[in-house]
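Visitor: I have a structure I would like to understand better, so I am pasting it below and will then ask my questions one at a time.
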Amino acid sequence: MSALVDGFGRTVRYLRISVTDRCDFRCVYCMAEEMTFLPRAQLLTLEEIAMLSQAFVELGVEKIRLTGGEPLVRQGVLTLVQKLGALEGLRELAMTTNGSGLVKHADALRQGGLHRLNISLDSLKPERTGNLGQVIAGIRAARCAGFQSIKLNAVLLKGRNDDEIIDLVNFARDEQVDISFIEEMPLGAISEHNRGETFLSTDTVRETIENHYHLLPTTETTLGPSRYYRMADSQSRIGFISPHSHNFCAACNRVRVTAEGRLLLCLGNEHSVDLRAVMRRYPGDTQRLKSSIVAAMKKKPERHHFTTDGEVQVVRFMNATGG
C-alpha cells in the first residue's frame with residue numbers, strides 16, 4: 001500500500017528526478033538563450049539522489065525516471081543508475097536524454113539496470129537538431145543494447161517543425177521505436193518565439209497522421225501521460241501528450257525533484273518542498289525524509305492552469321524543472 005496519496009485521492013507511483021540543469025543542446029522551449037546554471041554545491045549529490053530514490057520506493061513509488069537538462073552530462077550518472085537499478089521494489093527505471101551520449105553509454109546504462117529510454121528528437125533536419133548524426137547513432141546504439149522500450153519525444157511548434165510530422169513518424173517506424181508528440185508547455189519567459197503563435201494542438205497532429213496511417217486507440221500505459229495509438233502494419237506506437245487540449249490532471253500519479261532538491265508537486269505550479277534542506281540538516285535520517293515527503297502530498301494541487309495564449313504560468317525553465 002502506497003503512503004503517497006494526495007488530497008484528491010490520487011496515488012503517486014512515479015517519480016521524475018533531474019540530475020542536472022546542464023545540457024549540451026539548446027532547445028528553445030527548454031531554456032533561455034543566455035542561461036545561468038546552478039553552482040555544483042547547490043545540486044543534489046549522487047548519494048543524496050540515491051537516498052531520496054530509496055525513500056520514495058519504500059513509500060510506494062514503482063517507477064523512477066532520470067532527467068535533466070541532459071542526464072548523461074552529469075559525472076557519475078552511470079554509478080547512480082547501478083544503485084537505483086538495484087533498489088528492491090522499483091519496477092521500472094527510465095531516462096530521458098537527447099541521445100548525444102548514447103553511443104558511448106547505452107550498453108552500460110542497460111547493464112546497470114535501466115529499462116526504458118525516452119530520446120528527445122524534434123527534427124530530422126541537421127540545422128534544427130544539435131548533432132543529428134550523433135543522435136541517430138545513439139538511437140541505434142540503444143536498440144542494439146536491448147532496452148525494453150525506446151521512445152522518441154517530439155515537441156512540435158507551428159511554423160517551426162510541423163512540416164516534419166510524417167517524416168518523424170516514418171523514422172520511428174523504420175527504426176522500430178515508439179514516438180510521442182508533445183504540446184509545448186509554458187515554462188519560463190522566452191524571447192525566441194511567441195508561444196501563442198507556435199502552439200500546435202495534438203488533435204491537429206493526429207489528424208495529419210491519420211491522413212497517412214489509420215490509428216487504433218489503445219489503453220496501454222507506461223504510468224506517464226501519453227495516450228497511445230497503434231498502426232496495423234507497424235510495431236511502433238504513436239503517443240500524444242496534451243497538457244492543453246486534453247488535460248490529464250485528474251489521473252496524475254507523478255511528482256518531480258529538481259536538480260537542487262525541490263520536490264515539485266505539479267509541473268504547472270510552484271508548490272514545492274525543499275528536500276535538500278531536510279537531507280543536509282538531518283544527514284542519514286531516512287525516516288525524517290520520508291515524513292517530509294508524505295506531508296508534502298497535501299500540497300499537491302488539483303490541476304495546472306496552462307493556457308495557449310503565450311502567457312508564462314511558471315517562471316522556471318524546463319531544464320531547471322526536469323524534462
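The values are calculated or read from the model by the stated rules, or taken from the named source; none is laboratory data. Owing to the predicted nature of the structure, the values given are computational and were not obtained by experimental measurement. Because the Cβ atoms are built from the backbone with ideal geometry, glycine has one as well, and the counts that use them run over all protein chains shown. Note: areas computed on protein heavy atoms with side chains; ligands, DNA, RNA excluded. Shrake-Rupley method; radii C 1.70, N 1.55, O 1.52, S 1.80 Å.
Visitor: Considering only residues of segment 92-151 that are acidic (D, E) and touching a Cys at 6+ places or on another chain (Cβ under 9 Å), which is least open to solvent (accessible area, probe 1.4 Å)?
Guide: Per the criteria, the residue is D122.
Visitor: If I filter segment 217-233 for residues that are within 24 Å of Q42 (Cβ to Cβ) and not in a strand (DSSP E or B), do I get at least one hit?
Guide: no
Visitor: What are the pairs, 6+ residues apart or on separate chains, where a residue within segment 198-217 that is over 15 Å from G239 (Cβ atoms) has its Cβ under 7 Å from a residue that is open to solvent by 50 Å² or more (accessible area, probe 1.4 Å) and not in a helix (DSSP H, G or I)?
Guide: Short answer, once both residue conditions are applied: T198/K158; T198/G159; T198/R160; F199/K158; F199/T308; L200/K158; H214/A232.
Visitor: Ok, one more. Exactly one of (1) more than 21 Å from the chain's Cα centre (by Cα); (2) within 30 Å of R206 (Cβ to Cβ); (3) hydroxyl-bearing (S, T, Y) is unmet by S242. Its number?
Guide: Checking S242 against (1) more than 21 Å from the chain's Cα centre (by Cα); (2) within 30 Å of R206 (Cβ to Cβ); (3) hydroxyl-bearing (S, T, Y), the one that fails is (1).
Visitor: Right, next: Scan segment 216-230 for residues that are at pLDDT 95 or above, crowded, with 18+ Cβ neighbours inside 10 Å and over 11 Å from R206 (Cβ atoms) and jot them down.
Guide: Hits for segment 216-230 are Y228, R230.
Visitor: Within segment 43-69, can you find the residues that are open to solvent by 10 Å² or more (accessible area, probe 1.4 Å) and among the hydroxyl-bearing types (S, T, Y)?
Guide: T45
Visitor: Scanning segment 6-24 for residues that are over 23 Å from R40 (Cα atoms) and of a type in the set (V, I, T), which turns out surrounded by the fewest Cβ atoms within 10 Å (Cβ to Cβ)?
Guide: Result: T11.
Visitor: Another question, if that's okay. Restricting to segment 106-131, name every residue that is at pLDDT 95 or above, over 16 Å from the mean Cα position of the chain (by Cα) and not basic (K, R).
Guide: A106, D107, A108, L109, Q111, G112, G113, S123, L124
Visitor: Tell me which of these R281 doesn't satisfy, since it passes every other one: (1) free of Cβ contacts under 8 Å to residues at least 24 places away in the same chain; (2) in contact with a helix residue (DSSP H, G or I) (Cβ under 7 Å, 6 or more places away or on another chain); (3) not hydrophobic (A, V, I, L, M, F, W, C).
Guide: (2)
Visitor: Now for a different question. K290 fails exactly one of the following numbered conditions: (1) open to solvent by 30 Å² or more (accessible area, probe 1.4 Å); (2) at pLDDT 90 or above; (3) in contact with a strand residue (DSSP E or B) (Cβ under 9 Å, 6 or more places away or on another chain). What is the number of that condition?
Guide: Only one criterion is unmet by K290, namely (3).
Visitor: Let me ask something additional. Consider A3 carefully, then state whether it is open to solvent by 10 Å² or more (accessible area, probe 1.4 Å), modelled with pLDDT under 95 and among the aliphatic types (A, V, I, L, M).
Guide: Considered against the rule, which asks whether it is open to solvent by 10 Å² or more (accessible area, probe 1.4 Å), modelled with pLDDT under 95 and among the aliphatic types (A, V, I, L, M), A3 comes out as yes.
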